[in-house]
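The values are calculated or read from the model by the stated rules, or taken from the named source; none is laboratory data. Because the structure is predicted, anything quoted here is derived from the model rather than measured. Here the Cβ is made from the backbone with ideal geometry for all residues, glycine too, and neighbour counts use every protein chain on show. Accessible surface is based on the protein model in full, side chains and every heavy atom, while ligands, DNA and RNA are left aside. Shrake-Rupley method; radii C 1.70, N 1.55, O 1.52, S 1.80 Å.
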Amino acid sequence: MAGRQASQVELSPQARTFLEGQVRRHKAPRSLSDRCRMVLLCAEGLQSKEVAARLGVHEHTVGKWRRRFVEDGIEGLTDEYRAGRPRTVSDAQVTQVIERTLNTTPKDATHWSIRSMAAEIGLSHTTIRRIWSAFGLQPHRAETFKLSTDPLFVDKVRDIVGLYMSPPNRAIVLCVDEKSQIQALDREQPVLPMVPGVPERRTHTYLRNGTTSLFAALDIATGAVIGKCYKRHRTTEFLDFLKRIDAEIPDDLDVHLVMDNYATHKTTTIKTWLARRPHWHVHFTPTSASWINQVERWFAELTRKQLQRGVHRSTTALEADITTFIDAHNENPRPYRWVKSADQILASVKRFCHKTMSRTSD
């Protein structure tokens, strides 16, 4: 007696293009590409036994995907929905975990850990991990913030951001600040260089070999930096740095200085020197708002590239490396692009204040 007749596979041009494309795709799931190969071979008139022998699978597997393709087309090659195991954690338990995480703390710590919460609630630590991940809860993390209390905060933000986004004609805008107390640090033992498979290694203990202070002025239009190191950061050193800026800038340009409220910037000597130069204009940043001074971004770059892992046995070597970094930066300077308008910044601060007030009132 003859057995059950295999279903005849007929391919439309669109179906053949899709199947061949899935076979050629490197990122296609292996299960889907194997099913597409089975259907393509079946469409050539081969029997399921022959296709199974070619691909190294069972004959019944080929028959299953042949039948499903004939009945449902390309959609039949995907896996059917599987309900899976019933839930063992109720919505009430999930709510309890979230409420405990947000509103309570353990007796012996300032914040919950996955295992301390699991012991408190009576669930596994993997369940707590999944719940926290689903709702974006990270009790182990804490961030800092500082809101400016400057009564002229809005006016100063609009003034400085206006300089950044629309600088005046025939003028130069300089962001000026000092990076004080830069330490010349040496390691107690030699630094072990990087080798394949092993990163650079150094001791956590160090030797202090003195400090220096860097005064820097960043040109927002070109990204070039004027910088000089001093042993101290008093009015005398700051005045000398301003004179150096004055010597390097053409006399026919107005100069706009963006500075913070450090006491050295507001002494009588500095005010008198600036008053004698009416083409110099000072714009003070709001208190507790150093983020608005673009030279701070350059200081971060200096720290990351030169100071953080630098080894210096004297302040002379430290100052030489800083000078070399400035010279290398000025060979191909790039300005920082300020993207947020004053209205966007103030709206962001407003949203943060409303959110903070609502949380504290709750």
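Fully extending the segment from T316 to Y336, taken as 0.36 nm per residue of separation minus the present Cα-Cα distance, adds 4.2 nm.
Under the simplified labelling scheme, the T235-K266 pair shows an inter-label distance of 1.4 nm, with each label point 7 Å from Cα along Cα→Cβ. Note that the chain presents 65 Å² accessible area per residue, ligands and nucleic acids not counted, probe 1.4 Å. With the alpha-carbon atoms of region 231-292 aligned to their principal axes, the span from lowest to highest coordinate is 34, 26, 20 Å, starting with the largest. 3J(HN,Hα) along region 78-85, derived from phi through the Karplus expression 6.51 cos²θ - 1.76 cosθ + 1.60 where θ = phi - 60°, amounts to 8, 6, 6, 5, 10, 5, x, 6 Hz, with x in place of Gly and Pro.
Apolar share of the accessible surface for region 111-244: 53 percent from carbon plus sulfur atoms, 1.4 Å probe.
Under the simplified labelling scheme, the R202-V57 pair shows an inter-label distance of 5.7 nm, with each label point 7 Å from Cα along Cα→Cβ.
The percentage of C-alpha pairs in the chain whose separation is greater than 34 Å is 61%.
Here the 3J(HN,Hα) profile of region 303-314, calculated from phi with Karplus coefficients 6.51, -1.76 and 1.60 at θ = phi - 60°, is 5, 5, 8, 10, 8, 4, 10, x, 10, 9, 8, 7 Hz, Gly and Pro shown as x. Max-minus-min Cα coordinates of region 148-249 on each principal axis give 53, 36, 33 Å, with the largest extent listed first. Couplings 3J(HN,Hα) for region 344-354, derived from phi with the Karplus relation 6.51 cos²θ - 1.76 cosθ + 1.60 (θ = phi - 60°), are 5, 5, 5, 5, 5, 5, 5, 5, 5, 5, 4 Hz, where x marks Gly and Pro.
Label-to-label distance, Q308 versus E248, with points set 7 angstrom from Cα along the beta-carbon direction: 2.5 nm. Given a Förster distance of 45 Å, report the FRET efficiency between E143 and A221 from their Cβ-Cβ distance, rounded to the nearest 0.05. My answer for the efficiency is 0.85. Here the sum of -39500 (n - 2.57) over DSSP H runs of 4 or more residues, divided by the residues of the chain, equals -13500 deg cm²/dmol at 222 nm, to the nearest 500. With N as its number of residues, region 37-137 has a Cα radius of gyration that, divided by 2.2 N^0.38 Å, comes to 1.96.
Here the scattering of region 177-228 is modelled by Debye summation over its C-alpha atoms, one equal scatterer each and no solvent; at q = 0.18 Å⁻¹ the log10 of I(q)/I(0) is -0.75. Sorted from longest to shortest, the spans of the Cα atoms of region 20-87 along the three principal axes equal 45, 27, 22 Å. Peptide packing: for 28-39, 135-146, 173-184, the average count of neighbouring Cβ atoms within 10 Å per residue gives the ranking 173-184, 28-39, 135-146, highest mean first.
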